[in-house]
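Report on the following structure.
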Amino acid sequence: MAQGKSDPNYKIAAENRRARFDYAIEDDIECGIILEGSEVKSLRKGGANIAESYAAVEDGELWLVNSYIAPYDQAKSFKHEERRRRKLLVSRKELSNLWNATQRKGMTLVPLVLYFNHKGMAKIKIGIAKGKKNHDKRDTSAKRDWSRQKQRLLKQG
């Protein structure tokens, strides 16, 4: 992601910042996403939300469910449905690995970030994650607070 600063095409359209708090992410995978024209235009304007969405393997295909892409006002007759299921593109091997993770190991597929890569193509990063319990969330937050406090103390003296 360090390439994003110098690359004019790289742009984050939507980010799920809560995912790393709610889930212990073990691995992530980059997927292509099938979009309609007005959806791409709306994403470029930044009108998307993937916070409440998830990915699922159904009938041998990977789907992004409950993601929101705002309607694009300039699209007169070719408007898109805001919360439709969108197909994600992965290789067959990756798809079988994702199916194994969700069905056999009880993992969840959580969208982490929706972005345009350096070629200008819309991509989504999916995290293979396990849900955290409340005490795990408290531990994470305590560690984060302690590291912030430690940095402050080191900076002061």
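The values are calculated or read from the model by the stated rules, or taken from the named source; none is laboratory data. Everything numeric here is computed off the predicted structure, so don't read it as measured data. Don't worry about glycine lacking a Cβ; one is built from the backbone with ideal geometry, like all the others, and counts go over all protein chains shown. Side chains are part of the model used for accessible areas, which takes the heavy atoms of the whole protein and leaves out ligands, DNA and RNA. Shrake-Rupley method; radii C 1.70, N 1.55, O 1.52, S 1.80 Å.
Annotations for the structure displayed:
- Cα-based Rg of region 56-114 normalised by 2.2 N^0.38 Å, two decimals: 1.39
- The apolar share of the surface of the chain, taken as the fraction of accessible area on carbon and sulfur atoms (1.4 Å probe, ligands and nucleic acids excluded), comes to 48 percent.
- Global size of the chain as Cα Rg and Dmax, reported in angstrom: 18.0, 63
- Using Cβ point charges alone (K and R +1, D and E -1), the dipole size of the chain about the Cα centre works out to roughly 680 debye.
- Estimated Rh, region 96-157: Kirkwood, alpha-carbon pairs, angstrom: 15.0
- Solvent-accessible surface of region 94-150, averaged per residue with a 1.4 angstrom probe and all protein chains in place: 59 square angstrom.
- Under 26 Å of direct C-alpha separation, and excluding same-chain neighbours fewer than eight residues apart, Lys155 reaches these lysines: Lys143.
- When the C-alpha to C-alpha distance is required to be over 18 Å, the pairs from Lys41/Lys119; Lys79/Lys119; Lys11/Lys125; Lys105/Lys130 that qualify are Lys79/Lys119.
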